[in-house]
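Contents: one structure, followed by commentary.
The values are calculated or read from the model by the stated rules, or taken from the named source; none is laboratory data. Small disclaimer: the values here were computed from a predicted structure and weren't measured. Note: ideal-geometry Cβ built from the backbone for every residue, glycine included; neighbour counts use all protein chains shown. Remember, those area values only see protein heavy atoms, side chains included, never the ligands or the DNA or RNA. Shrake-Rupley method; radii C 1.70, N 1.55, O 1.52, S 1.80 Å.
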Amino acid sequence: MSWEVSTMLSRKSYFNATLFRKNLSRFWPLWGGVSLLGSVFPLYLLLQLLNLRGLQATASDITISLYQVTAYFVPGFLLVYASLCGVLVWSYLNSARSVGLYHALPVDRTCLFLTSVASGLAMVLLPFAIVGLFFVLVTLCFGILSFQALATTVVAVLGMALLYFASFTLVAMITGSSFAALVFYYLGHFLAVLLQELVFSFARGFLFGVEQASLPWVTFFSPTAYLYENLRCVPVYTESSSGGWEVLDWRFEGLGTIGIYALIALVILAVSLLLYRRRSSECAGDVIAQRWLRPVFRYGVALFFGLTLGQLLYSLVYGLPFQRGLYNHMLPMAVCVILTSIIGYYVASMLLKKSLRVFRRSWRGPLTVAAIVVILCGCVSFDLFGLTAYVPAQEDVASVSIRSGATGSITISGESAAAAQVLRVHQAILDDEAYIRESTADIDSFYSYSSILGSDVTYLDITYTLRGGRQVARSYTLPLTLDRWQNQPDTYDYQLRELAMSPELQTLALMPGDGGALMGGYFYYYDLVNDVYEDSPIEATASHLDRLYEAVLADAAEGRCPLIPLPFDSATEYMDMSLEFTFRVPEGDTPGQRTEWVQVELNSGMTHTLDTLVELGYLRQDVLDTIQRAAALQEGATEALSAQTA
């Protein structure tokens, strides 16, 4: 007797159509309502096309509309809408009863996950499909649809929809609460940029000259911020028969960025699946569903409290009433950051435990937080990584931009002699760091008694662009004294004076960035004594504009138009005068598409410019005579003070 045993191989299912349809039918008010609201736009387009009254819309008009909506509206819309779809699709994970019911279904977790992802993405994309269909029908009826623009828009929307829903899915697998998921989701899309700003706002309070820093790759980890930086609708120009320029078409930039994010989104979904398969059903309702992430949450919230509330507490209880100078004091700052970090640690513990009874536990956590803060404050205060002392070698500098006083930013080649001069000034400033810190502790005295004591204050911004593309930016507030300014070549005061009086840099400061045509100008006059303010447009006729610009260039060629206001020239202290020139400069391949302004602060030594202003009737002769007399008196006083200090 033989037994025949027949076996039937069970087929593993990765998609459940019933659950998919149920999700769409349960949550139809969301995607249906959004579709209804979105349909207003194709209807409005139809009414506009019917009401053009002889005017004809073109495919280029539709192209720019699609690209602008994709670049400037879709990321922000999907940031919000995809999170709402995600909240509904994954809401069953946040209730013990519903998660038990779903996990009791005759489908495994992989099938549940993939079906929920499919239904969530369908909810995200259905409004785009419905509104897009109406849009295509309207534009096809008028023969103005660009299929290339339509395909580009569809690909961009698909990639961004995948990114936003996948990012919320990852957060939903980590958390056990819809509210916590929303908080982490929105925070995550800007977390890298926020952390960079918090860290550097903390560091710049200690580090000499480090006012602002930005790492270009950091923004990539804040997807929404990065998309808004890189998605653009760019015009494509062609030369017209009349010799001008006209828009030929429009180009969408950033599709490659969306493609990279779409690939990352697939990886995020794979990681989310692994987390879901290991997720405990009992964690429904918890702030953090994955136990191994709870210490990260505790210490992350603690440091976030410290870097935000700690700096605020320092400013209120110590910085405003007691701090002298421009830089924070390490010990009070460390105390404030430690206190607020410990508060943050206990707040995180309360959220995790869902209880206020967290103070009886071991002090190991708060002590660890305090140790981290002390190490952080020590590293920043003592500049462990040598940020403040860094001066690049000239051969590593591609270009350097400087800004000081009234002039705009001036960019010079890294190989020029002027760049070497900037590097010498920078090194001289670093050599005198202790002197500057001590002097700026009483910064008000430099401002209040500049005419009497022969002291003044200026600022200097330096930005290096290195050969590899990295930028190094520094900003300094510099006290100046007359003796150092005139008689001590080894000081930054003297070398800054040499830099400011360089005819080469003065002429360069008066030129627009990419060349261009001089279009207009203004002369500004403010009498501080009599509180009289005037602004006079410079007439382009009668060569007024060209003559004044040539006079300013002549003063610059003789070194009389310094990059910073002369710190010890009080001849014009009671009068503030400046010239502003407007240029139209090319942008890309198209001339005359951008406006640049060059501001020139006038001083008593700019004789060519002052004489021309009088000759053309913009400045009265008696005012010029007063300025010249004050300049002569100031020169005598300066010589006497210089001799006295010497």
* Could you please give the count of residues in the range 106-116 that are in a helix (DSSP H, G or I) and not polar (S, T, N, Q)? => 5
* Determine if the range 528-547 includes at least one residue that is closer than 20 Å to E601 by Cα, basic (K, R) and either buried (at least 17 other Cβ atoms within 10 Å of the Cβ) or modelled with pLDDT of 80 or more (or both). => yes
* To do: Could you please find all residues in the range 369-382 being at pLDDT 90 or above and exposed (fewer than 15 other Cβ atoms within 10 Å of the Cβ)?
  => A371, V374, I375
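Please tell me if L339 is open to solvent by 20 Å² or more (accessible area, probe 1.4 Å), assigned to a helix (DSSP H, G or I) and modelled with pLDDT of 90 or more. Even if it seems obvious, please write down each step before you answer.
Values: open to solvent by 20 Å² or more (accessible area, probe 1.4 Å): yes; assigned to a helix (DSSP H, G or I): yes; modelled with pLDDT of 90 or more: yes.
Yes, satisfied.
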* Failed condition for P321, given (1) closer than 15 Å to R204 by Cα; (2) surrounded by fewer than 20 Cβ atoms within 10 Å (Cβ to Cβ), with all others met? -> (1)
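Going by the conditions given, is Y67 modelled with pLDDT under 95, of a type outside the set (D, E) and either surrounded by 10 or more Cβ atoms within 10 Å (Cβ to Cβ) or in the same structural domain as F128 (by TED's automatic domain parsing) (or both)? I'd like the intermediate steps shown before the answer.
On the way: modelled with pLDDT under 95: yes; of a type outside the set (D, E): yes; either surrounded by 10 or more Cβ atoms within 10 Å (Cβ to Cβ) or in the same structural domain as F128 (by TED's automatic domain parsing) (or both): yes.
Against the criterion (modelled with pLDDT under 95, of a type outside the set (D, E) and either surrounded by 10 or more Cβ atoms within 10 Å (Cβ to Cβ) or in the same structural domain as F128 (by TED's automatic domain parsing) (or both)), Y67 qualifies.
Checking the condition out of contact with any strand residue (DSSP E or B) (no Cβ under 9 Å at 6 or more places or on another chain), open to solvent by 40 Å² or more (accessible area, probe 1.4 Å), outside the structural domain of F184 (by TED's automatic domain parsing) and outside any helix (DSSP H, G or I), which residue from S315, S362 passes?
Numbers: S315 fails: outside any helix (DSSP H, G or I).
Step by step, each of S315, S362 is checked, and only S362 is out of contact with any strand residue (DSSP E or B) (no Cβ under 9 Å at 6 or more places or on another chain), open to solvent by 40 Å² or more (accessible area, probe 1.4 Å), outside the structural domain of F184 (by TED's automatic domain parsing) and outside any helix (DSSP H, G or I).
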* **Condition broken by I62, with the remaining ones in (1) buried (at least 20 other Cβ atoms within 10 Å of the Cβ); (2) among the aliphatic types (A, V, I, L, M); (3) farther than 21 Å from V287 by Cα; (4) modelled with pLDDT of 90 or more satisfied** => (4)
* Asked: Which residue out of D383, D432, D396 is more than 26 Å from the chain's Cα centre (by Cα) and among the acidic types (D, E)?
  -> D432
* Looking at the range 275-288, is at least one residue open to solvent by 30 Å² or more (accessible area, probe 1.4 Å) and within 30 Å of the chain's Cα centre (by Cα)? -> no
